[in-house]
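Remarks on the structure that follows.
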Amino acid sequence: MEANTTLFRSGHIVVVGVPNTGKSTLFNSLVGERLSIATPKPQTTRRTILGILTNERAQMMFVDTPGLLDPAYRLHEFMRSQIDDALEGADVVLALVDASDLAGTFTEEIRSALGEIQLPLVVALNKIDLVSERDLEQSLQHVRASLATEHILPVSAQTGKHVLELRGLLERLLPVGPKFYPEDTLTEEPERFFVEEQIREETFLRLRQEVPYAIAVQVEHFREEGTKIYIHANIIVERDSQKGIVIGKKGSTLKTIGKNARERIERFLQHPVYLDLHVKVIANWRKSDAALRRLGYEV
Ligand SMILES: Nc1nc2c(ncn2[C@@H]2O[C@H](COP(=O)(O)OP(=O)(O)OP(=O)(O)O)[C@@H](O)[C@H]2O)c(=O)[nH]1
Ligand SMILES: [Mg+2]
């Protein structure tokens, strides 16, 4: 037996919190790769995403989830079930609250939900770059007084402040366990999924009000053609009027979305891409089980 051997740790760290608290931004920062899309609009994330980080001591399987919400559509029920499923497989729960909006993100309902968690619980007060030290101190006291967990950390997912400390703490809280994935595995999702998400992110950034919420993206073809990867993708909307908005005057909006999305995808795939984007209507897809299944939201 070697002296001084520490046991290898592994497990799922599930990131939860109300919409827009910065879960996906923090998840990306913890994993060290921009795997999950993050935008200023709430309810950006629709399904769980796995991001794996392996070092000599541990394999950390981070799971990003959609923001907790009251389901208004079948799509929301899918999002809700994604959170529940993720929590079932969790070894550690990382709950986010927004330090610049404690009242909106650390509600009575959230406090009682967190109080019921039987697993190691870490609460990250995110967006500390937006608040004064005095306000932060008060917020920390409030959160400490409301929850039994001793693991409460201020962070900024955006600037990276305290993210390494947070990662170290999460690693120590994992149970002893084996390596589930080869060391260089980053995720389980296929490349197509990330392509769809990057196009969807662009629609969230470009389009206003309800339109992004009525959008799904589906890659139809993905193949190498000469020196480029040829991608044919459909932007799905619910109504003809939304189709007009996505296309824009003389196609200008779709052109901008396409150009920006292509650049993102090229960075992600590290390869030149030809992106062939189309807009299609599937009437009320958010309410139809059959359409949701077709679009990869298994309900
Ligand atoms: N100033 C500041 N902004 C942040 C920080 N973390 C995230 N944000 C911003 O907050 C917004 C929401 O971030 P997301 O990571 O998409 O939040 P989310 O919790 O994943 O949101 P949903 O997927 O909609 O539930 C984005 O505009 C981020 O850039 C932070 O530490 N500081
Ligand atoms: Mg998100």
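Pick from E197, E238, E225 the residue whose mean-square fluctuation is largest in a GNM of the chain, springs joining Cα atoms under 10 Å.
Comparing E197, E238, E225 in a Gaussian network model of the chain, the most mobile one is E225.
Pop a pseudo-label 7 angstrom from the Cα along the beta-carbon direction at both E133 and K280 and give the gap in nm to one decimal.
5.7
Of Q141, Q59, Q270, which is the most mobile in a GNM of the chain whose springs link Cα atoms less than 10 angstrom apart?
Evaluated over the chain, the most mobile residue of the options is Q270.
Once the Cα atoms of the range 191-294 are picked out, what are the Rg and Dmax in Å?
Final numbers for Rg and Dmax: 13.4, 40 Å.
Using a cut-off of 22 Å between alpha-carbon atoms, which lysines can reach K127, once sequence neighbours fewer than 8 places away in the same chain are excluded?
K23, K41, K161
Can you pull the three principal axis extents for the Cα set of the chain, in Å, largest first?
Result, largest extent first: 63, 49, 36 Å.
Of V15, A283, G244, which is farthest towards the positive pole of the chain's charge dipole, taken about the Cα centre with +1 and -1 on the beta-carbons of Lys, Arg and Asp, Glu respectively?
So the residue furthest toward the plus end is G244.
Quick query: amide H of Y274 versus all other amide H atoms, modeled in the peptide plane; which residues come in under 5 Å with a sequence gap of 5 or more or a different chain?
Placed amide hydrogens put I229, Y230, I231 under 5 Å from Y274.
Counting only Cα, what are the radius of gyration and maximum Cα-Cα distance Dmax of the range 46-88, in Å?
In order Rg, Dmax, the Cα atoms of the range 46-88 give 13.1, 44 Å.
Compare G160, G67, G51 in a GNM of the chain, Cα atoms joined below 10 Å, and give the one with the largest fluctuation.
Evaluated over the chain, the most mobile residue of the options is G160.
If I take every Cα pair under 8 Å that is 6 or more residues apart in the range 77-139, average their sequence separation and divide by the length, what percent do I get for the relative contact order?
Worked out over the range 77-139, it gives 42 percent.
Where does the chain land at 222 nm, in deg cm²/dmol rounded to the nearest 500, when only DSSP H runs of n ≥ 4 count, each adding -39500 (n - 2.57), divided by all residues?
One gets -11000 deg cm²/dmol as the mean residue ellipticity at 222 nm.
Taking 30 Å as R0, compute the FRET efficiency from the Cβ-Cβ separation of T185 and L164 and round it to 0.05.
It comes out at approximately 0.85.
In Å, the Kirkwood hydrodynamic radius of the range 50-202 over pairs of distinct alpha carbons?
So the Kirkwood estimate lands at 17.3 Å.
Where in the range 251-281 does the label zone of Y230 land, with the point 7 angstrom along Cα→C-beta and an amide N cut-off under 17 Å?
272-278
Since every read-out is calculated from the coordinates, none of them should be taken as a lab result. For clarity, every value in this text was computed on a predicted model and none was experimentally measured. Neighbour counts are summed over all protein chains in view; Cβ atoms, including those assigned to glycine, are modelled from backbone coordinates with ideal geometry.
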